[in-house]
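Here is the structure we will look at.
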Amino acid sequence: IIHKDSPSERGIDCAIIYDSAVFTLDAAQFHHVDAGETRDIVEAKLKRNGSDLYVFMDHWPSKFHDESFRDKAADVLRKRIDALLAADPKADLIALGDFNDEPDEAAIKDHLRAATTDDHLPPDALLDTTAPIKADGKGTIVYKNRWELLDHVIISPGLLDPAGFHWKKGSTRRIDFPELIFHPRGKDEIDRPNQSYTRNDFHKTGYSDHLPVGCIIEQ
C-alpha cells in the first residue's frame with residue numbers, strides 16, 4: 001500500500017494498493033494541492049516485464065468548495081503529467097478517483113485537458129474513459145435525485161497503443177453489484193448507492209455514497 005496521512009481535516013486520505021506479485025514499485029510520491037485542507041494526489045510508478053505504468057490516485061475538493069479549488073487540483077496533476085509526457089510522449093499513465101466534477105466541467109475538460117472520446121484525440125490530450133457512462137444517463141453518485149458522474153478513469157495516449165501497457169477499449173465501467181445499490185421507499189426516489197452514513201447515522205449494511213469504477217489494463 002502507498003499511503004500517508006493527508007492534510008484533510010475529515011481524515012480522508014488517498015492510497016494505492018498494488019499486488020507485489022504482479023508489479024514492482026519503482027517510485028512513489030505525494031503531490032500537495034494548495035486548496036484548503038484537501039487530499040494529496042498519490043503517484044506510483046509500477047514496473048512489470050520491463051515496462052512502466054504511472055498511477056495517480058485523486059480525491060479533489062468537493063462541490064461545497066468553489067470550482068477554483070478543483071481547478072487547482074487539476075493543474076497540479078496536469079503539471080506532473082506534462083513533465084512525464086515531455087520526457088516520454090508515449091508514457092503509460094492512468095489517473096483515477098473521485099474528481100468531484102463531471103466530464104464536461106472546466107477542471108477536467110479545460111485544466112486537465114481530458115477528452116470524452118478518442119476520435120481525433122490531440123497529441124497532448126488525455127482520455128476520460130468513464131465519459132460513456134454519463135452518455136448512457138448513468139453515474140456514480142446520486143445528488144438531488146439524479147445521477148452524477150464524479151468518479152473517473154483517465155488515461156494517457158500511451159495506453160491507447162499496443163506498446164507496453166494498454167487499456168482494453170470499452171472496459172471501463174461502474175461497478176454496481178446488487179448489494180451496492182439502495183432502493184428508497186419513496187416512489188419518486190431513484191435507486192442509489194447504498195451508503196454507510198446519512199449525516200451521523202451509520203448503516204451497517206451500507207458501503208459508500210459512490211459506486212466504484214474499474215477498467216482492464218493489459219500488457
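The values are calculated or read from the model by the stated rules, or taken from the named source; none is laboratory data. Just so it is clear, the structure is predicted and the values come from calculations on it, not from any experiment. Cβ placement follows ideal geometry from the backbone for every residue including glycine, while neighbour counts extend to all protein chains displayed. Surface areas here come from the heavy atoms of the whole protein model, side chains and all, with no ligands, DNA or RNA. Shrake-Rupley method; radii C 1.70, N 1.55, O 1.52, S 1.80 Å.
With the checklist (1) closer than 21 Å to Leu211 by Cβ; (2) open to solvent by 60 Å² or more (accessible area, probe 1.4 Å) in hand, flag the one item Pro123 doesn't pass.
(1)
Failed condition for Glu37, given (1) within 21 Å of Thr172 (Cβ to Cβ); (2) part of a loop (DSSP other than H, G, I, E, B), with all others met?
(1)
Looking at the stretch 38-60, which of its residues are in contact with an Asp or Glu (Cβ under 9 Å, 6 or more places away or on another chain), closer than 20 Å to Ile12 by Cβ and open to solvent by less than 30 Å² (accessible area, probe 1.4 Å)?
Scanning the stretch 38-60 gives Arg39, Asp40, Ile41, Val42, Ala44, Val55, Phe56, Asp58, Trp60.
When the residues of the stretch 196-219 are narrowed to those that are out of contact with any His (no Cβ under 7 Å at 6 or more places or on another chain), open to solvent by less than 70 Å² (accessible area, probe 1.4 Å) and assigned to a loop (DSSP other than H, G, I, E, B), which ends up farthest from Asp98 (Cα to Cα)?
His203
Scan Ala95, Ala107 and give me the residue that is outside any strand (DSSP E or B), crowded, with 21+ Cβ neighbours inside 10 Å and modelled with pLDDT of 95 or more.
Ala107
Within the stretch 98-110, does at least one residue satisfy the condition of being among the small types (Gly, Ala, Ser) and in contact with an Asp or Glu (Cβ under 9 Å, 6 or more places away or on another chain)?
yes
Out of the residues in the stretch 13-27 that are assigned to a strand (DSSP E or B), within 22 Å of Val76 (Cβ to Cβ) and touching a Lys or Arg at 6+ places or on another chain (Cβ under 7 Å), which is most open to solvent (accessible area, probe 1.4 Å)?
Asp26
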